[in-house]
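Here's the structure, in structure tokens; my notes come after.
The values are calculated or read from the model by the stated rules, or taken from the named source; none is laboratory data. The model shown is predicted, which means the values in this text are computed figures rather than measured ones. Please note: Cβ atoms are built from the backbone with ideal geometry, for glycine as well, and neighbour counts cover all protein chains shown.
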Amino acid sequence: MTEKKGKYLYIAGPYTQGDTILNIRAAMMVGGLAVLRGWIPFIPHLTAFWHMLSPRSYREWLEYDLAWLAKCDAVLRIAGESPGADEEVKEAVRLNIPVYLGIDQLPPGGK
């Protein structure tokens, strides 16, 4: 087994508010920037593609996402209205997981 090369980062941000495809794109762009800072991002927005093959309710997807969030070292909140992302941030705070409010606040992921 190889050593973990970075810290895991949960990307929380708008998904259903506004244009879903543009929201997915924004999350992927931020995830790419996080990789350059040494993080290993989890982008829950990408379940949209899984949903096309295996639809689940909003609540089921959120529960799935929260299970992954609990394993992450930090959360990066993308700006924009999002009840789901707000709930994810609340869960991170409850679990004492640091929340960063923009890519500029995100420290290097390092080892």
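What to note about this one:
- Residue count for the range 40-60, restricted to those that are out of contact with any strand residue (DSSP E or B) (no Cβ under 9 Å at 6 or more places or on another chain) and among the hydrophobic types (A, V, I, L, M, F, W, C): 6.
- Tabulated pairs, the range 82-102, first polar (S, T, N, Q), second part of a loop (DSSP other than H, G, I, E, B) and buried (at least 18 other Cβ atoms within 10 Å of the Cβ), C-beta under 8 angstrom, 6+ apart or interchain: Ser82/Gly13; Ser82/Pro14; Ser82/Tyr15
- Looking across the range 1-18 at every residue that is assigned to a loop (DSSP other than H, G, I, E, B) and modelled with pLDDT of 95 or more, the one that is nearest to Pro108 (Cα to Cα) is identified as Gly13.
- Single residue of Arg94, Arg77, Arg59 found to be surrounded by fewer than 17 Cβ atoms within 10 Å (Cβ to Cβ) and either aliphatic (A, V, I, L, M) or at pLDDT 95 or above (or both): Arg94
- For Met52: the one exception among (1) within 18 Å of Arg25 (Cβ to Cβ); (2) touching a residue at least 12 places away in the same chain (Cβ under 8 Å); (3) surrounded by fewer than 13 Cβ atoms within 10 Å (Cβ to Cβ): (2)
- Residue within the range 86-97 that is more than 18 Å from Gly38 (Cα to Cα) and among the basic types (Lys, Arg) present: yes
- Members of the range 19-56 that are hydroxyl-bearing (Ser, Thr, Tyr) and in a loop (DSSP other than H, G, I, E, B): Ser54
- For the range 21-34, the set of residues classified as closer than 11 Å to Ile11 by Cβ and aliphatic (A, V, I, L, M) consists of Ile24, Ala26, Ala27, Met28, Met29, Val30, Leu33, Ala34, listed by residue number.
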